[in-house]
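We did not get these values from a lab; they are worked out from the coordinates using the rules stated. Quick caveat, the model's predicted, so the values are computed rather than measured. Cβ atoms come from the backbone with ideal geometry, glycine included; neighbour counts cover every protein chain shown.
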Amino acid sequence: MRSEEYLYQYHERYGYTSIVNPKSSKLNIIEFGILRLGSKEKYQDKAKNSELVLVVLSGICKVESDGEILNPVGYRKDVFSGLPYAVYIPQNTTYTVTGERDVEIAVCKGEVHSPQSTIHSPQLITPNQVKCRTVGRENFKREVRDIVGEDFPARVLLVGETLSPPGNWSSFPPHKHDENNLPQEACLEELYYFKVTPKQGFGIQGIYTSTKKVDNTFYVHDSSVVIIPEGYHPVVAAPGYSLYYLWVLAGNTRFLKFSEDPVHSWIK
């Protein structure tokens, strides 16, 4: 398997950078990019046939749409320094983002084929609306932050953050969500966007299937992107380095239902 089919690297630049989309990857629904703006810089776009979740990774901005102004949006220095602000943008919505200071925003898009959302204007998601939980124990303990969860009336997207302490595993026991087999499993494609501190660090991402049709590992660094169209996908932080990843899931059935690898599920 070629790593370029699953592993991408974002290089910092101002403006919007599309990193992954259905035309250039194995994903069918998700488009992902990074928007960087300086103070007073503006970016305007229209959601068209996709819904969006804008996650402020660092800095502060304001978002305007249909005469409504959401301001301020964001506050944290980086993803390791507090909970996120986010904005949900429904399909067919024009929006403008203005940097209040240097700001980095993850732009998570999910193509919608079902009817128009019942949400007709952007929705601000504040840190006190983000649901935090501790998952796992010992050296596979991590913090999970649900930004757009199952209870949010989105059409296809589920979005959140995971922080793994140095040396700890995440997405463990390994799980997958590539088959519609409810109530046990829902079919959802996924994408991870990584941050590492200290910045020179790394993590290791695995993706494999039970048949070994897919069986590979990748070194991930600060601003790496990994797509997960199928398979189990454990990840581990190198000793001494904290690992963050933004996770974006999308599917026509928005349930966080997954199957664990039976070989490793005993660890729980």
Query - Potential lengthening between Asp151 and Lys268 on full extension [0.36 nm per residue; Cα-Cα distance subtracted] - result: 39.5 nm
**Report entry** His120 versus Thr211: modelled label distance in nm, points set 7 Å from Cα along the beta carbon direction
**Finding:** 4.7 nm
Report task. For the chain, just say rounded, prolate or oblate: build the C-alpha gyration tensor, square-root its eigenvalues into a ≥ b ≥ c, call rounded for a/c under 1.5, and beyond that prolate if a/b exceeds b/c, oblate if not. Result -> prolate
**Report entry** Intensity falloff of region 138-265 expressed as log10 I(q)/I(0), Debye formula with alpha-carbon point scatterers, at q = 0.17, 0.19 Å⁻¹
**Finding:** -0.87, -1.08
Requested in this report: Mind checking region 129-235 for trypsin sites (Lys or Arg not before Pro) that DSSP puts in a loop (not H, G, I, E or B) and that have at most 12 other Cβ atoms within 10 Å?
Outcome: Arg137, Lys199, Lys212, Lys213
Report summary line: Karplus-derived 3J(HN,Hα) from phi for region 9-15 (6.51 cos²θ - 1.76 cosθ + 1.60, θ = phi - 60°), whole Hz, x at Gly and Pro, runs 10, 8, 10, 4, 7, 7, x
Query raised in the report: Expressed as a whole number of Å, what is the distance separating the alpha-carbon centroids of region 185-208 and region 34-104?
Result: 23 Å
Report task. Starting with the fewest neighbours, write out Ser25, Ser170, Ser223 ranked by other beta-carbon atoms found within 10 Å of each beta-carbon. Result -> Ser223, Ser25, Ser170
Report task. Considering the options Ile29, Gln91, His175, tell which one lies farthest towards the positive end of the dipole of the chain, charges being +1 on Lys and Arg and -1 on Asp and Glu at the Cβ, about the Cα centre. Result -> His175
Query raised in the report: Looking at region 23-93, which trypsin sites (Lys or Arg not before Pro) are DSSP coil and have at most 14 other C-beta atoms within 10 Å of their C-beta?
Result: Lys23, Lys26, Lys40, Lys48, Lys77
**Report entry** GluC sites (Glu not before Pro) within region 110-167, DSSP loop, no more than 14 other Cβ atoms inside 10 Å
**Finding:** Glu150
Query raised in the report: Out of Ile207, Ile119, Ile227, any idea which swings most in a Gaussian network model of the chain, alpha carbons joined below 10 Å?
Result: Ile119
Report summary line: Gln129 and Glu41 label points (each 7 Å along its Cα→Cβ direction) are spaced in nm at 2.7 nm
